[in-house]
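The values are calculated or read from the model by the stated rules, or taken from the named source; none is laboratory data. Keep in mind that this is a model prediction, so the values were computed, not measured. Note that each Cβ is placed from the backbone with ideal geometry, even for glycine, and that neighbours are counted across all protein chains shown. Accessible surface areas use protein heavy atoms only, side chains included; no ligands, DNA or RNA. Shrake-Rupley method; radii C 1.70, N 1.55, O 1.52, S 1.80 Å.
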Amino acid sequence: MYAVAAPAIAQSTRTRVAEVDLPARLKEVEHDAKLSESAFKTGRKVAAVCANCHGEGGNSLKPEIPNLAGQNPAYLIEQLRKFADGRRRNEFMEGMIKAMNSDEKIGMVLFYANQKVVRKTVSNPALAAKGKEHYSKTCWRCHGEDGRGNEKFARIAGQQPDYLRATLRGYRAGTGLRIDPLMAATTQLMTDADIDAVVAYVMSME
(Lines give C-alpha, C1' and ligand atoms only; values in the text may rest on other atoms or scores of the structure.)
Protein backbone atom coordinates (compact mmCIF):
# COMPACT_ATOMS: atom_id res chain seq x y z
CA MET A 1 0.00 0.00 0.00
CA TYR A 2 2.77 2.44 0.92
CA ALA A 3 4.69 1.68 -2.24
CA VAL A 4 1.71 2.84 -4.29
CA ALA A 5 0.92 5.90 -2.18
CA ALA A 6 4.42 7.37 -2.15
CA PRO A 7 4.64 8.11 -5.91
CA ALA A 8 1.18 9.67 -5.78
CA ILE A 9 2.29 12.00 -3.00
CA ALA A 10 5.48 12.83 -4.87
CA GLN A 11 3.52 13.58 -8.01
CA SER A 12 1.14 15.81 -6.07
CA THR A 13 4.11 17.70 -4.60
CA ARG A 14 5.65 18.19 -8.03
CA THR A 15 2.34 19.53 -9.33
CA ARG A 16 2.07 22.04 -6.50
CA VAL A 17 5.64 23.22 -7.09
CA ALA A 18 5.01 23.58 -10.81
CA GLU A 19 1.93 25.69 -10.12
CA VAL A 20 3.77 28.28 -8.01
CA ASP A 21 3.63 31.71 -9.65
CA LEU A 22 7.35 32.45 -9.51
CA PRO A 23 7.20 36.16 -10.51
CA ALA A 24 4.51 36.81 -7.88
CA ARG A 25 6.43 34.82 -5.26
CA LEU A 26 9.60 36.76 -6.07
CA LYS A 27 7.84 40.10 -5.49
CA GLU A 28 6.41 38.79 -2.22
CA VAL A 29 9.84 37.72 -0.98
CA GLU A 30 11.52 40.95 -2.11
CA HIS A 31 9.08 42.99 -0.03
CA ASP A 32 9.49 40.95 3.14
CA ALA A 33 12.81 41.32 4.97
CA LYS A 34 12.60 37.98 6.78
CA LEU A 35 11.60 36.07 3.67
CA SER A 36 14.38 37.79 1.73
CA GLU A 37 17.01 36.87 4.29
CA SER A 38 15.89 33.25 4.34
CA ALA A 39 15.73 33.05 0.55
CA PHE A 40 19.20 34.55 0.22
CA LYS A 41 20.65 31.87 2.50
CA THR A 42 18.92 29.18 0.47
CA GLY A 43 20.17 30.75 -2.75
CA ARG A 44 23.75 30.81 -1.51
CA LYS A 45 23.60 27.06 -0.94
CA VAL A 46 22.15 26.46 -4.40
CA ALA A 47 24.77 28.72 -5.96
CA ALA A 48 27.51 26.54 -4.48
CA VAL A 49 26.41 23.87 -6.97
CA CYS A 50 25.94 26.32 -9.83
CA ALA A 51 29.48 27.59 -9.22
CA ASN A 52 30.84 24.51 -10.98
CA CYS A 53 29.86 26.19 -14.25
CA HIS A 54 28.95 29.80 -13.49
CA GLY A 55 31.79 30.51 -11.09
CA GLU A 56 32.00 31.76 -7.53
CA GLY A 57 29.43 34.48 -6.97
CA GLY A 58 28.17 34.10 -10.53
CA ASN A 59 31.39 35.25 -12.22
CA SER A 60 32.18 32.51 -14.69
CA LEU A 61 35.77 31.51 -15.28
CA LYS A 62 34.86 30.09 -18.68
CA PRO A 63 34.37 32.59 -21.55
CA GLU A 64 31.64 30.46 -23.13
CA ILE A 65 29.53 30.24 -19.96
CA PRO A 66 27.58 33.34 -18.90
CA ASN A 67 27.99 35.33 -15.71
CA LEU A 68 24.91 35.41 -13.51
CA ALA A 69 26.21 38.04 -11.11
CA GLY A 70 24.29 41.30 -11.12
CA GLN A 71 21.40 40.07 -13.25
CA ASN A 72 17.93 41.45 -12.55
CA PRO A 73 16.13 38.80 -10.43
CA ALA A 74 12.88 39.08 -12.39
CA TYR A 75 14.81 38.52 -15.63
CA LEU A 76 16.55 35.47 -14.17
CA ILE A 77 13.26 34.01 -12.96
CA GLU A 78 11.85 34.31 -16.46
CA GLN A 79 14.87 32.48 -17.88
CA LEU A 80 14.35 29.66 -15.37
CA ARG A 81 10.74 29.41 -16.52
CA LYS A 82 11.85 29.28 -20.15
CA PHE A 83 14.28 26.46 -19.46
CA ALA A 84 11.59 24.59 -17.54
CA ASP A 85 8.98 24.81 -20.29
CA GLY A 86 11.33 24.37 -23.27
CA ARG A 87 11.42 27.92 -24.62
CA ARG A 88 15.16 27.86 -23.95
CA ARG A 89 16.99 24.62 -24.59
CA ASN A 90 19.94 23.18 -22.74
CA GLU A 91 19.62 19.62 -21.55
CA PHE A 92 21.83 20.08 -18.50
CA MET A 93 20.18 23.31 -17.41
CA GLU A 94 16.70 21.91 -17.94
CA GLY A 95 17.49 18.99 -15.65
CA MET A 96 19.02 21.20 -12.96
CA ILE A 97 16.10 23.61 -12.92
CA LYS A 98 13.43 20.91 -12.87
CA ALA A 99 15.14 19.44 -9.79
CA MET A 100 14.85 22.75 -7.89
CA ASN A 101 11.83 23.76 -5.86
CA SER A 102 10.34 27.26 -6.01
CA ASP A 103 12.12 28.54 -2.89
CA GLU A 104 15.47 27.40 -4.27
CA LYS A 105 14.80 29.21 -7.54
CA ILE A 106 13.76 32.41 -5.78
CA GLY A 107 16.74 32.26 -3.45
CA MET A 108 19.18 31.61 -6.26
CA VAL A 109 18.12 34.61 -8.35
CA LEU A 110 18.20 36.91 -5.31
CA PHE A 111 21.68 35.68 -4.41
CA TYR A 112 23.05 36.28 -7.90
CA ALA A 113 21.32 39.64 -8.25
CA ASN A 114 23.26 40.85 -5.22
CA GLN A 115 26.69 39.76 -6.47
CA LYS A 116 29.09 42.12 -8.22
CA VAL A 117 30.42 41.46 -11.69
CA VAL A 118 34.20 41.29 -11.90
CA ARG A 119 35.21 43.95 -14.42
CA LYS A 120 37.40 42.79 -17.27
CA THR A 121 40.40 44.70 -18.63
CA VAL A 122 40.07 46.17 -22.12
CA SER A 123 42.73 44.47 -24.24
CA ASN A 124 41.88 46.32 -27.46
CA PRO A 125 40.72 49.90 -26.72
CA ALA A 126 40.27 50.76 -30.41
CA LEU A 127 37.96 47.78 -30.98
CA ALA A 128 36.02 48.56 -27.80
CA ALA A 129 35.60 52.17 -28.97
CA LYS A 130 34.01 50.93 -32.21
CA GLY A 131 31.78 48.69 -30.17
CA LYS A 132 30.69 51.59 -27.99
CA GLU A 133 29.71 53.54 -31.10
CA HIS A 134 27.55 50.68 -32.38
CA TYR A 135 26.08 50.04 -28.91
CA SER A 136 25.14 53.70 -28.53
CA LYS A 137 23.14 53.57 -31.76
CA THR A 138 21.16 50.42 -31.11
CA CYS A 139 21.75 48.19 -28.09
CA TRP A 140 21.14 50.78 -25.37
CA ARG A 141 17.47 51.03 -26.26
CA CYS A 142 16.78 47.69 -24.55
CA HIS A 143 19.83 46.95 -22.44
CA GLY A 144 20.30 50.48 -21.13
CA GLU A 145 23.16 52.92 -21.49
CA ASP A 146 24.99 51.12 -18.69
CA GLY A 147 24.24 47.66 -20.11
CA ARG A 148 22.49 46.57 -16.95
CA GLY A 149 19.15 45.75 -18.53
CA ASN A 150 15.92 45.44 -16.56
CA GLU A 151 13.17 42.93 -15.79
CA LYS A 152 12.70 42.08 -19.47
CA PHE A 153 16.16 42.53 -20.94
CA ALA A 154 19.38 40.92 -19.79
CA ARG A 155 22.24 42.66 -18.06
CA ILE A 156 25.05 42.30 -20.59
CA ALA A 157 27.62 44.60 -18.94
CA GLY A 158 30.68 42.56 -18.05
CA GLN A 159 29.33 39.43 -19.73
CA GLN A 160 31.62 36.65 -20.95
CA PRO A 161 32.97 37.33 -24.48
CA ASP A 162 32.57 33.92 -26.13
CA TYR A 163 29.07 33.58 -24.72
CA LEU A 164 28.10 37.02 -26.04
CA ARG A 165 29.61 36.34 -29.45
CA ALA A 166 27.90 32.96 -29.83
CA THR A 167 24.56 34.39 -28.66
CA LEU A 168 24.64 37.30 -31.12
CA ARG A 169 25.62 35.05 -34.01
CA GLY A 170 22.88 32.61 -33.06
CA TYR A 171 20.27 35.34 -33.10
CA ARG A 172 21.57 36.57 -36.47
CA ALA A 173 21.50 33.11 -38.04
CA GLY A 174 18.12 32.25 -36.58
CA THR A 175 19.42 28.81 -35.70
CA GLY A 176 20.35 29.37 -32.08
CA LEU A 177 18.63 27.86 -29.08
CA ARG A 178 17.16 31.26 -28.25
CA ILE A 179 14.78 32.83 -30.74
CA ASP A 180 13.80 36.48 -30.38
CA PRO A 181 12.35 38.50 -33.28
CA LEU A 182 13.73 41.82 -32.01
CA MET A 183 17.24 40.48 -31.51
CA ALA A 184 17.07 38.66 -34.85
CA ALA A 185 16.16 41.89 -36.65
CA THR A 186 18.87 43.85 -34.88
CA THR A 187 21.66 41.34 -35.45
CA GLN A 188 20.78 40.90 -39.13
CA LEU A 189 22.46 44.24 -39.69
CA MET A 190 25.64 43.27 -37.84
CA THR A 191 28.79 41.95 -39.50
CA ASP A 192 31.20 39.66 -37.66
CA ALA A 193 33.40 42.71 -37.16
CA ASP A 194 30.47 44.59 -35.59
CA ILE A 195 29.79 41.70 -33.24
CA ASP A 196 33.43 41.46 -32.17
CA ALA A 197 33.50 45.20 -31.50
CA VAL A 198 30.31 45.20 -29.45
CA VAL A 199 31.55 42.20 -27.47
CA ALA A 200 34.84 44.00 -26.75
CA TYR A 201 32.94 47.01 -25.44
CA VAL A 202 30.21 45.21 -23.50
CA MET A 203 32.54 42.81 -21.69
CA SER A 204 34.47 45.81 -20.31
CA MET A 205 31.38 47.54 -18.90
CA GLU A 206 30.77 47.44 -15.16
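The set of residues in region 78-91 that are crowded, with 16+ Cβ neighbours inside 10 Å and assigned to a loop (DSSP other than H, G, I, E, B) contains only Arg88. Residue pairs whose Cβ atoms lie under 6 Å apart, sitting 6 or more positions apart in sequence or on different chains, and linking a residue in region 112-137 that is in contact (Cβ under 8 Å) with a residue 24 or more places away in the chain and within 21 Å of Pro66 (Cα to Cα) to a partner that is open to solvent by 70 Å² or more (accessible area, probe 1.4 Å) and not in a helix (DSSP H, G or I), are Arg119/Glu206.
Inside region 186-205, residues that are part of a helix (DSSP H, G or I), surrounded by fewer than 19 Cβ atoms within 10 Å (Cβ to Cβ) and hydrophobic (A, V, I, L, M, F, W, C) make up a count of 1. Just to be sure, is Gly149 in contact (Cβ under 8 Å) with a residue 24 or more places away in the chain and at positive phi? So Gly149 fits the description; yes.
The conditions of being farther than 28 Å from Ser36 by Cβ, open to solvent by less than 60 Å² (accessible area, probe 1.4 Å) and touching a residue at least 40 places away in the same chain (Cβ under 8 Å) are not met by Tyr75.
When restricted to residues that are open to solvent by 70 Å² or more (accessible area, probe 1.4 Å) and farther than 11 Å from Phe111 by Cα, region 33-47 contains 2.
Scanning region 66-77 for any residue that is on the phi < 0 side of the Ramachandran plot and over 12 Å from the mean Cα position of the chain (by Cα) turns up nothing.
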